[in-house]
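S.K.: Quick one: the structure is below, and I'll ask about it shortly.
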There are 4 protein chains.
Amino acid sequence: MKIGKETLPRTAISTSDEHAIVVRGLDLSQDLIGKLSFTDYFHLLLTGRPPTPAASAVIDATLVAIAEHGLVPSVQASRMTLAAAPEALQGAVAAGVLGCGSVILGSAEAAGRFLTEVCQKEDGGVVADEAVGEVVRAYRAERRAIPGYGHPLHKGFDPRARRLFEIAAEIGCAGRHIAAAQRAERLLPSLVGKPLSLNVSGAIPAVLLDAGFPLGALKGIPILARTASLIAHLLEEQARPIGFVLSHAGSEAIGYDGPSPDGFRRSEG
Amino acid sequence: MKIGKETLPRTAISTSDEHAIVVRGLDLSQDLIGKLSFTDYFHLLLTGRPPTPAASAVIDATLVAIAEHGLVPSVQASRMTLAAAPEALQGAVAAGVLGCGSVILGSAEAAGRFLTEVCQKEDGGVVADEAVGEVVRAYRAERRAIPGYGHPLHKGFDPRARRLFEIAAEIGCAGRHIAAAQRAERLLPSLVGKPLSLNVSGAIPAVLLDAGFPLGALKGIPILARTASLIAHLLEEQARPIGFVLSHAGSEAIGYDGPSPDGFRRSEG
Amino acid sequence: MKIGKETLPRTAISTSDEHAIVVRGLDLSQDLIGKLSFTDYFHLLLTGRPPTPAASAVIDATLVAIAEHGLVPSVQASRMTLAAAPEALQGAVAAGVLGCGSVILGSAEAAGRFLTEVCQKEDGGVVADEAVGEVVRAYRAERRAIPGYGHPLHKGFDPRARRLFEIAAEIGCAGRHIAAAQRAERLLPSLVGKPLSLNVSGAIPAVLLDAGFPLGALKGIPILARTASLIAHLLEEQARPIGFVLSHAGSEAIGYDGPSPDGFRRSEG
Amino acid sequence: MKIGKETLPRTAISTSDEHAIVVRGLDLSQDLIGKLSFTDYFHLLLTGRPPTPAASAVIDATLVAIAEHGLVPSVQASRMTLAAAPEALQGAVAAGVLGCGSVILGSAEAAGRFLTEVCQKEDGGVVADEAVGEVVRAYRAERRAIPGYGHPLHKGFDPRARRLFEIAAEIGCAGRHIAAAQRAERLLPSLVGKPLSLNVSGAIPAVLLDAGFPLGALKGIPILARTASLIAHLLEEQARPIGFVLSHAGSEAIGYDGPSPDGFRRSEG
């Protein structure tokens, strides 16, 4: 990589020569290693500057909130993959990361866009409750779910969401995105006809956006967090393998209803 | 897996016991191995029935047409991955498969949906040219590209697309989807203001849909085809490694325009 | 890609310009599309030449034999991944491919190396039974399993393996690798103290090596075959989702035995 | 997931019910979110306990040291994948993680095993220099490289390695693994006939093992660190795309030396 060739496309993340590695304008060995936490380095890599203390605290809190939730599908896919291919830990991590999609974990970014749209309506002069109403009605006209609300297990109360809001209040960075998220939670029963509590994927963008974290980087939070958890599960898998137990339980739970050839012994006897 | 437990969710693809493996109602060892080609087995796996001779010929032709096109991004990603992680061939294949997305290779399915929409307009009584016009105008109103038309290299003439249409004509299965694809190519200059030739990703769904291949399975054609090519490139990589040559060339092509710390020697001197 | 620059590293698979795509020296549109099956094209991509008719038949038979075996771990990982990330079919295919590792599916290549070592002993003048004995003893001295023998479900008789050997005999290409595989099966009870029947991952390399398929390309057979099956399962997943049923069954099958905080309600009451 | 069913296989990482998520025995919302950094949570997930302050500092330092090094192969594979498949950020992250293999990044674990073997020799009574000599000679007898030494760019001096050792000394946790790493660096010229400086992948396990980090978890450090960097590169790719520039540069760097069909215009004229 070269600095300053005018005709080349560019990256602004890092460069190196035989003497030094430069990341976001700082010397990796002199200025960064031992000088800031991994969380703050993640913010520096993403944005080019270290986070404020409030943003640092909020990023840590959200990464901790979303990293681990038991044997979710991506963890099971990852552990099965390691059982089948133990030679490649990175392959099993990748299999788990691939499950961080629009249905699972991906809703943090979608919820961040929802909250941003509400705030933009307010910026345009729409009074607060009506701003929520306009955005929610637009989503429903396109038959889109309201991202960040509702949870199959934690109905009515996601303790992680509440805790994130408490932290934002304690460190003095609760702002308009949290306010919009809470207003939407209050208005959703009348707008959609049923109560939908804020979940952790709705709280994460609210607190991060209030702390100045960029909207475009929201999707990275659950992916980085979940990678930490996947590594822990894979080390456990090496010591206490359950990958094939999981797949056995899965196949036992599913019947076959295709045609049978003559003479095939039906398992149910 | 069990047959016939009424309360279980189901799969119709295969089941097995200690005596036999049954796939789509046929005994794998007695009825399938040695009795049909891999291409026909792919159709059987997808749809539950073997293809007609015409469909079989068209599937083979499309798989051959799309499998290989040199050092495209997914092939380079795959070869770099093997260079970095030679212990896991499957990981390098997966890295290449991940590049079969909406920009590269994924347009076959999108083009199939476009052609299907045109045919549905015709079914609804819209005369042929107007059916194309209505669908194209709807796409442009949503600022969507017309999938299956235009190619960065093969401007004006994608020889693979022409050849696929010739084959469909030779075996007597050219039908309304090919007709719609050709009509759209003829009308696009007046509809969008510039000539856009049909490319291979537009021709593939046209011939497959005319041969009775299911729309929902179109996306599998480029993924299966490209997997064959990835395996060939990875075997070549093991014998004649170029993975690190590719990444060196890439990094030489990109400059750094972030800030520099004091004392960092600028490479360009 | 350029032809003939003397100083460049090289690939021999394909090149293209604005007029043509050349694969292994043949014009893709004129010489290949519609002229050979996908199976034969796979062989051409891998080796630079089309297969003999016997090799073609054997490759088809092995791809069909290994493609599908129900809700194996890689299929479950793939279906769960699609359930979590439905926007990326290629990601779910990749998650499944990542499970084609050394424990599952990867043993075809290992078994091919085992058979090749036995044949090399014979080439060196060791009589046949003793060649098997020397190689098996060497594996056991390194505590390695004999690859290609034994199966958790098909004890004593893998019908796919038998069928592959029948096909090789029918088409007249059964040779020394099949003979070595059968000899090893006969000798294993006395060499390792228990019967271990040849499984499909042992039969695949035996018939392919006898048909002239290159040893180094064996690992590609199960990966290509399994990709076809993964695509079929993912299309079924789109129509009849079971991904979250699989993960629910998996998590129900696993208990938690870490410490409990005060006040955590134990689920078992 | 259930607690305490005696017959089930187990996990000790986490469990949850409708009231709480428990991770390693602690209530996620009450005891963890906002109470510890992401780095410390990673250690808790991996080992079941929070790190000592020294271990926490060392883990942060190693994660920062290894996260980013410019347009390395895995970053290029990841950026190309996003260019081809922009709909799936997680797929592009996964493609990059797949390049964290035995050649790139994977050597931290291998180097940790090397250092552990040296320390075990010492435990067995072999004096220090001879312990290094015995292990190095055993590696060379098996034609294995000495992991953690030598670097293509930072010959003679990896500033990241030196900095990690300084930090360990400053916080008072430098111990026998660092000593073994330095002793090996001093002895390697006479043992292998050329100078081989300690690189960052050798320094990382030395400082982590001295800080009490488990050997089996070493491989997770570069994977987690690199994931942070991949996310930063992918966000830059969304804003300033270079993925196709990288692949264009790569394909320009590679010639074709397969056969040519009659009439194929050689690009070099």
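The values are calculated or read from the model by the stated rules, or taken from the named source; none is laboratory data. Not measured: the values here are computed from a predicted model. Don't worry about glycine lacking a Cβ; one is built from the backbone with ideal geometry, like all the others, and counts go over all protein chains shown. Surface areas here come from the heavy atoms of the whole protein model, side chains and all, with no ligands, DNA or RNA. Shrake-Rupley method; radii C 1.70, N 1.55, O 1.52, S 1.80 Å.
S.K.: Between copies, how close do the B:HIS19 label points come, placed 7 Å along Cα→Cβ, listed in nm from shortest?
M.R.: Result for B:HIS19, in nm, nearest copy first: 5.3, 6.3, 7.9.
S.K.: Moving to a separate point now. Amide H to amide H under 5 Å from B:LEU198: which residues, 5+ apart in sequence or cross-chain, H placed 1.01 Å off N in plane?
M.R.: Here B:GLY150 satisfy the definition.
S.K.: Let me see the P(r) profile for segment A:90-154: every Cα-Cα distance counted, bins of 10 Å, each bin given as a percent of all pairs.
M.R.: 19, 39, 25, 12, 5
S.K.: Using a probe of 1.4 angstrom, how much of the accessible area of segment B:126-203 is carbon and sulfur, in percent?
M.R.: Solvent-exposed carbon and sulfur of segment B:126-203 make up 55 percent of the total.
S.K.: Just the number, please: buried accessible area between C and B, total of both chains, 1.4 angstrom probe, nearest 100 square angstrom.
M.R.: 6100
S.K.: Beyond 16 Å, what share of the Cα-Cα pairs of segment C:165-226 remains, rounded to the nearest whole percent?
M.R.: 49
S.K.: With a Förster radius of 45 Å, plug the Cβ-Cβ distance of C:ALA239 and A:LEU215 into 1/(1 + (r/R0)^6) and report the FRET value to the nearest 0.05.
M.R.: Plugging the Cβ-Cβ distance into 1/(1 + (r/R0)^6) gives 0.80.
S.K.: Given contacts defined as C-alpha pairs under 8 Å and at least six residues apart, what's the relative contact order of chain D, whole-number percent?
M.R.: 24
S.K.: What FRET efficiency, computed as 1/(1 + (r/R0)^6) with R0 = 60 Å and r the Cβ-Cβ distance, is obtained for D:GLN30 and C:LYS35, rounded to the nearest 0.05? Each step should come with its number before you reach the end.
M.R.: On the way: r = 69 Å, r/R0 = 1.14.
Efficiency at R0 = 60 Å is approximately 0.30.
S.K.: If the chain between B:GLU130 and B:ALA169 were fully stretched, how many nm would it gain, using 0.36 nm times the residue separation less the Cα-Cα distance? Provide the component values of the computation, followed by the final result.
M.R.: On the way: separation 39, 0.36 × 39 = 14.04 nm, distance 2.49 nm.
Between B:GLU130 and B:ALA169, full extension yields 11.5 nm more.
S.K.: Right, next: Per residue of C:53-65, what is the mean number of Cβ atoms on other protein chains within 10 angstrom of that residue's Cβ?
M.R.: Taking all residues of C:53-65 together, the mean is 4.
S.K.: Any number yet on Rg/Rh for segment D:33-157, C-alpha, Kirkwood?
M.R.: Using Cα coordinates only, the ratio equals 1.06.
S.K.: Could you give the nm distance between label points at B:ASP123 and A:THR52, where each point is 7 Å from its Cα heading toward the beta carbon?
M.R.: The two pseudo-label positions are separated by 5.7 nm.
S.K.: Further, regarding this structure: Using only Cα atoms, figure out Rg for the protein assembly as shown and give it as a multiple of 2.2 N^0.38 Å.
M.R.: In units of the 2.2 N^0.38 Å rule of thumb, it is 0.93.
S.K.: Quick check: net charge around D:LEU188, other residues with Cβ under 13 Å of its Cβ, Lys/Arg +1 and Asp/Glu -1?
M.R.: After counting each charged neighbour, the total is +3.
S.K.: Reported to two decimal places, what Rg/Rh ratio describes segment B:187-259 when computed on Cα atoms with Rh from the Kirkwood expression?
M.R.: With Rg and the Kirkwood Rh in hand, the quotient comes to 1.19.
S.K.: Follow-up question, since we're still on this one. Averaged over its residues, how many other protein chain Cβ atoms are within 10 Å of peptide A:231-242's Cβ atoms?
M.R.: 6
S.K.: So the label point sits 7 Å from Cα along the Cα-to-Cβ vector; using that for B:GLY48, what distances do you get to the other copies, in nanometres, sorted shortest first?
M.R.: Once sorted, the set of distances for B:GLY48 reads 4.7, 5.0, 5.7 nm.
S.K.: What translational D, rounded to a whole number of µm²/s, comes out for chain B from Stokes-Einstein when the hydrodynamic radius is the Kirkwood one over Cα pairs, at 20 °C and 1.002 mPa s?
M.R.: For the chosen part, D equals 100 µm²/s.
S.K.: Determine the alpha carbon to alpha carbon distance for each of C:LYS121/C:LYS219; A:LYS121/B:LYS121; B:LYS121/C:LYS35; B:LYS219/C:LYS219; B:LYS219/C:LYS35; B:LYS35/B:LYS121 and list only those over 31 Å.
M.R.: A:LYS121/B:LYS121; B:LYS121/C:LYS35; B:LYS35/B:LYS121
S.K.: Can I ask one more? Kindly write out, for segment D:21-36 in residue order, the coupling ³J(HN,Hα) from the Karplus curve 6.51 cos²θ - 1.76 cosθ + 1.60 (θ = phi - 60°), rounded to whole Hz, with x marking Gly and Pro.
M.R.: Along segment D:21-36, the couplings run 10, 10, 10, 6, x, 10, 6, 4, 6, 7, 9, 10, 4, x, 9, 8 Hz.
S.K.: So, one more: Can you list, bin by bin at 10 Å, the percent of alpha carbon pairs in segment A:38-105, starting at 0?
M.R.: Reading the bins upward from 0: 20, 33, 32, 14, 1.
S.K.: Work out the P(r) tail for segment B:119-234: percent of alpha carbon pairs separated by more than 23 Å, whole number.
M.R.: So the pairs more than 23 Å apart make up 34 percent of the total in segment B:119-234.
S.K.: Now for a different question. Just to confirm, what accessible area per residue do you get for the protein assembly as shown at 1.4 Å probe, in whole Å²?
M.R.: 34
S.K.: Hey, any idea what % of segment C:45-119's accessible area is carbon plus sulfur with a 1.4 Å probe?
M.R.: About 62 percent, which is the carbon plus sulfur part of the accessible surface.
S.K.: While we're looking at this one, here's another question. Given the -39500 (n - 2.57) contribution per DSSP H run of 4+ residues, what per-residue ellipticity at 222 nm results for chain D, rounded to the nearest 500 deg cm²/dmol? Mind showing how you got there, number by number?
M.R.: Working: 11 runs with 147 residues, N = 269.
Calculated mean residue ellipticity at 222 nm is -17500 deg cm²/dmol.
S.K.: Between copies, how far does the label point of C:ALA145 sit from its twins, in nm, shortest first, when each point is 7 Å from Cα along Cα→Cβ?
M.R.: Once sorted, the set of distances for C:ALA145 reads 3.1, 4.0, 4.7 nm.
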